[in-house]
Structure formats: C-alpha cells, structure tokens
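Colleague: I'd like to ask some things about the structure below.
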Amino acid sequence: MKIVLTGGAGFIGSHLTDKLLAEGHEVIIIDNLLTGSLNNIKQHEGNPKLRFIEHDISDSLDIKEKVDFVLHFASPASPVDYLKHPLETMEVGSLGTFNTLEMALKHKAKYLMASTSEIYGDPAVSPQKEDYWGNVNTIGPRSVYDEAKRFSEALVMAYNRTHHLNTRIVRIFNTYGPRMQKDDGRAVPNFVNQALRGEKLTIFGDGKQTRSFCFVSDLVEGLYKLMLSEEHQPVNLGNPNEFTILELAQKVLKILDSKTPLTFKPLPQDDPKQRRPDISKAKKILDWEPKINLDEGLQKTIAWFKQA
Ligand code: UDP
C-alpha cells in the first residue's frame, strides 16, 4: 500500500514507519517537526519507499499519487509539549484531522486516527473500557489536547457515517521506549535522564497516582493489526499492568543501581489519579496483547538513552 502518515517523524510515528516499511509498504510522512525529529527516521535515508514532506497538516495538502491509507498521528502529545503549544495542538487535532479525512475521502483511502487515553480525562472508573465516556475538564490546561482528540473522534465518526469513509480510531495509553525526547517532560524520560545525570527524581504530588506503561514495539504491533482490521469503533491499545509513579521511579533507580533521592513537586492541574486500559476488545478482535513487561522495556529504554 501507499500510506500517508502524519507525525511520522515523532516518537510513535517513527516506530510505525519502521514497521510499515518492513512490511513492504510505501510511506509518505507529513510532519512539521514541531515535536518530531528527522533523527527518528534517519535510518531510512535513501530508501526510495519513504518520502518526507515537511508540512503542517493543519494546512491542507494535495498528494498527487494515489494513496491507499491515511494515518493521522501528528500532534504534540506530552503534557509539557501540548502546554507549550496549545494552539498548534488544537489546530492539528481539528483542522489537521479534517484535512487528513478529506485526503482519505478524495483518494478513497482507508483511515486511522491516533486518539488517546486522555479522552477519558481523570477517569472515575478503572480500568477504562471503550464505552466509558470519560471525565474531562473542558477548560483546564490539558483540555487543549483532550478536547482536540475528542473532537477528532467525533469528526472521524461523522465522516464514517456521512461519507461511509472506512475509518478506525485507536486510543493509545502511556507508551514509552527509544526515541522519546529527553526533555518532553514525561515520567519515563524524566526519571531515566535525571537518574543518569545523578539528579533528584521529580515526583509530582505524592506519587501514588497510577499509569500503565506500554513498550512502543508492542503498541506498534497492535496499531498494525488494527489497520488491517475492519473495526470502526474505538479500540484501546496499551499495557494493562498498572504502577504508581513511585513504583516507576523505584524501578528506574533499581535498574540503574542508583541511590539518587526523590524530590516531591506539586501535582500539575487535572493530572489523572489513575489510568489503566481494559484491552479485552483488542485481545478479542485483534488477537493482540503486549508482551514486554515494564522491567524489560525500561532496560531497553535506558540502554537507548545512554547512547542517545
Ligand atoms: N510525573 C512525575 N514526575 C515527572 C513527570 C511526570 O511525577 O517528572 C507524573 C505526572 O504528574 C503523571 C505521571 O507521572 O501523574 C505520568 O505523567 P506523563 O507526563 O508521563 O504522562 P501523562 O500520563 O500524565 O500524560
């Protein structure tokens, strides 16, 4: 297939690019490099099956060649990044989604939109199943990301119903691995790089809030299976093993055999208290579940950050 991938120079997008090329597809990346980097795809330099277009998909773009699949992954995605770029985040999650849907419509291409566990907000139920409608502050600082992704989901379903576009929605839970930006502010790169530099690990709040961390290669396997499926309703992808942030920090310190102390900082506004995917739907319809546990994934991630 010829596949357009917005955000292909980002963390998840670049791993998805690796997978799509390995499966023999042609990939056209559209990325404005706001939070992505050409470094993430430099291993494919000179590969005639990969084309890179530097462009902000919030402005429409006409692709002349026939496209078979459009994947919309472009967006700042770490809380620090979307708080730094609130308007760009809202644009790419509205105009960008609109432009990619129009592209798919014009090419009669299939479509997949990268949504997020953030659409569940600070969830009042756990684990989160796809039929949970969420608990989102519509005007808080995180709303620029949460509401853009909720709007994107609504728009995708409207194109599906109105134009019978062949669409998919994936709700991605916390994902980590090589190629995360050192300074994107997320817990995994922060803790690993703080420990490597011998600095105190910054725990926000009491550290008892939970997240469930999925290694990026597991996620990409699930994304590819969802692409090839005919599931048009949202599907959660993530690792259901839940940890407190304190447990995550302790794991990083143990792997690095570091005695660096923790320092407690204020909890950011609307920081979800718990997050854990119910992946029974993905298990059933995609025959997918993550294989890499947190210790193994952290070791691979730490090894990458050491040489990055
Ligand atoms: N967090 C933390 N210290 C950090 C970075 C993050 O305690 O240096 C916490 C953050 O407050 C949140 C959790 O770790 O409760 C996960 O944050 P992250 O930014 O990785 O992703 P989120 O799931 O909030 O989008």
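The values are calculated or read from the model by the stated rules, or taken from the named source; none is laboratory data. The model shown is predicted, which means the values in this text are computed figures rather than measured ones. Don't worry about glycine lacking a Cβ; one is built from the backbone with ideal geometry, like all the others, and counts go over all protein chains shown. Keep in mind that these areas ignore ligands, DNA and RNA; they rest on the heavy atoms of the full protein, side chains included. Shrake-Rupley method; radii C 1.70, N 1.55, O 1.52, S 1.80 Å.
Colleague: Quick one: in region 123-143, which of the residues that are touching a residue at least 40 places away in the same chain (Cβ under 8 Å) and open to solvent by 30 Å² or more (accessible area, probe 1.4 Å) is nearest to the ligand (Cβ to nearest atom)?
Modeller: Once the filter is applied, the top-ranked residue is Pro141.
Colleague: So, one more: Return the only residue of Asn193, Asn293 being more than 22 Å from Ile119 (Cβ to Cβ) and within 12 Å of the ligand (Cβ to nearest atom).
Modeller: On inspection, the qualifying residue turns out to be Asn193.
Colleague: Which residues, counting only those in region 261-281, are of a type outside the set (A, V, I, L, M), more than 10 Å from the ligand (Cβ to nearest atom) and under 23 Å from Leu219 (Cα atoms)?
Modeller: Within region 261-281, Arg276, Pro277, Asp278, Ser280, Lys281 meet the criteria.
Colleague: What's the number of the only condition in (1) at pLDDT 95 or above; (2) near the ligand (Cβ under 10 Å from one of its atoms); (3) more than 23 Å from Lys259 (Cβ to Cβ) that Asp184 fails to meet?
Modeller: (1)
Colleague: Pairs, please: C-beta under 8 Å, at least 6 apart or cross-chain, first residue under 21 Å from Leu83 (Cβ atoms) and without any contact (Cβ under 8 Å) to a residue 40 or more places away in the chain and in region 16-39, second in a helix (DSSP H, G or I) and open to solvent by less than 70 Å² (accessible area, probe 1.4 Å)?
Modeller: These pairs meet every condition: Gly36/Phe11; Gly36/Gly13; Gly36/Ser14.
This table checks each residue for (1) over 20 Å from the mean Cα position of the chain (by Cα); (2) more than 17 Å from Ala74 (Cβ to Cβ); (3) basic (Lys, Arg).
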position: Gly121; (1), (2), (3): no, yes, no
position: Ala124; (1), (2), (3): yes, yes, no
position: Lys129; (1), (2), (3): no, yes, yes
position: Trp133; (1), (2), (3): no, yes, no
position: Pro141; (1), (2), (3): no, yes, no
position: Lys149; (1), (2), (3): no, no, yes
position: Glu153; (1), (2), (3): no, no, no
position: Asn160; (1), (2), (3): yes, yes, no
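Colleague: Part of a helix (DSSP H, G or I), more than 23 Å from Arg171 (Cα to Cα) and touching a helix residue (DSSP H, G or I) at 6+ places or on another chain (Cβ under 7 Å): does that describe Ile41?
Modeller: Numbers: part of a helix (DSSP H, G or I): yes; more than 23 Å from Arg171 (Cα to Cα): yes; touching a helix residue (DSSP H, G or I) at 6+ places or on another chain (Cβ under 7 Å): yes.
Here the answer is yes, as Ile41 does meet what is asked.
A quick yes/no check of all residues on (1) open to solvent by 10 Å² or more (accessible area, probe 1.4 Å); (2) away from the ligand (no atom under 14 Å from the Cβ):
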{"residue": "Ser212", "(1), (2)": "no, no"}
{"residue": "Leu223", "(1), (2)": "no, yes"}
{"residue": "Ser229", "(1), (2)": "yes, yes"}
{"residue": "Pro234", "(1), (2)": "yes, yes"}
{"residue": "Phe243", "(1), (2)": "yes, no"}
{"residue": "Leu248", "(1), (2)": "no, no"}
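Residue-by-condition table, conditions (1) charged (D, E, K, R); (2) open to solvent by less than 20 Å² (accessible area, probe 1.4 Å); (3) out of contact with any Gly (no Cβ under 6 Å at 6 or more places or on another chain):
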position: Ala148; (1), (2), (3): no, yes, no
position: Ala154; (1), (2), (3): no, no, yes
position: His163; (1), (2), (3): no, no, yes
position: Asp183; (1), (2), (3): yes, no, yes
position: Ala187; (1), (2), (3): no, no, yes
position: Asn190; (1), (2), (3): no, no, yes
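Colleague: Moving on to the next point. Within region 250-260, can you find the residues that are within 16 Å of the ligand (Cβ to nearest atom) and out of contact with any helix residue (DSSP H, G or I) (no Cβ under 8 Å at 6 or more places or on another chain)?
Modeller: Of everything in region 250-260, just one residue is within 16 Å of the ligand (Cβ to nearest atom) and out of contact with any helix residue (DSSP H, G or I) (no Cβ under 8 Å at 6 or more places or on another chain), namely Gln250.
Colleague: What tally of residues in region 20-37 results from selecting those that are outside any loop (DSSP other than H, G, I, E, B), open to solvent by 30 Å² or more (accessible area, probe 1.4 Å) and not hydrophobic (A, V, I, L, M, F, W, C)? Reasoning before the result, please.
Modeller: Our first condition is that a residue be outside any loop (DSSP other than H, G, I, E, B); within region 20-37, this holds for 20-22, 26-31.
Going one step further and asking which of them are open to solvent by 30 Å² or more (accessible area, probe 1.4 Å), we end up with 22, 26.
Okay, now just the ones that are also not hydrophobic (A, V, I, L, M, F, W, C), so 26.
Final tally of qualifying residues: 1.
Colleague: Okay, moving on. Given Phe204, Phe173, which one is in contact with a Lys or Arg (Cβ under 9 Å, 6 or more places away or on another chain), in contact (Cβ under 8 Å) with a residue 40 or more places away in the chain, open to solvent by 30 Å² or more (accessible area, probe 1.4 Å) and within 16 Å of the ligand (Cβ to nearest atom)?
Modeller: Values: Phe173 fails: open to solvent by 30 Å² or more (accessible area, probe 1.4 Å).
When all the criteria are applied, what remains is Phe204.
Colleague: Open to solvent by 20 Å² or more (accessible area, probe 1.4 Å) and either in contact with a Pro (Cβ under 6 Å, 6 or more places away or on another chain) or more than 25 Å from Pro234 (Cβ to Cβ) (or both): does that describe Gly198?
Modeller: Numbers: open to solvent by 20 Å² or more (accessible area, probe 1.4 Å): yes; either in contact with a Pro (Cβ under 6 Å, 6 or more places away or on another chain) or more than 25 Å from Pro234 (Cβ to Cβ) (or both): yes.
Spelling it out, Gly198 is indeed open to solvent by 20 Å² or more (accessible area, probe 1.4 Å) and either in contact with a Pro (Cβ under 6 Å, 6 or more places away or on another chain) or more than 25 Å from Pro234 (Cβ to Cβ) (or both).
Colleague: A follow-up question, please. Being open to solvent by less than 20 Å² (accessible area, probe 1.4 Å) and either out of contact with any strand residue (DSSP E or B) (no Cβ under 6 Å at 6 or more places or on another chain) or in contact (Cβ under 8 Å) with a residue 60 or more places away in the chain (or both) is the requirement here; does Gly8 meet it? Walk me through it before giving the result.
Modeller: Details: open to solvent by less than 20 Å² (accessible area, probe 1.4 Å): yes; either out of contact with any strand residue (DSSP E or B) (no Cβ under 6 Å at 6 or more places or on another chain) or in contact (Cβ under 8 Å) with a residue 60 or more places away in the chain (or both): yes.
When the stated conditions are applied, Gly8 passes them.
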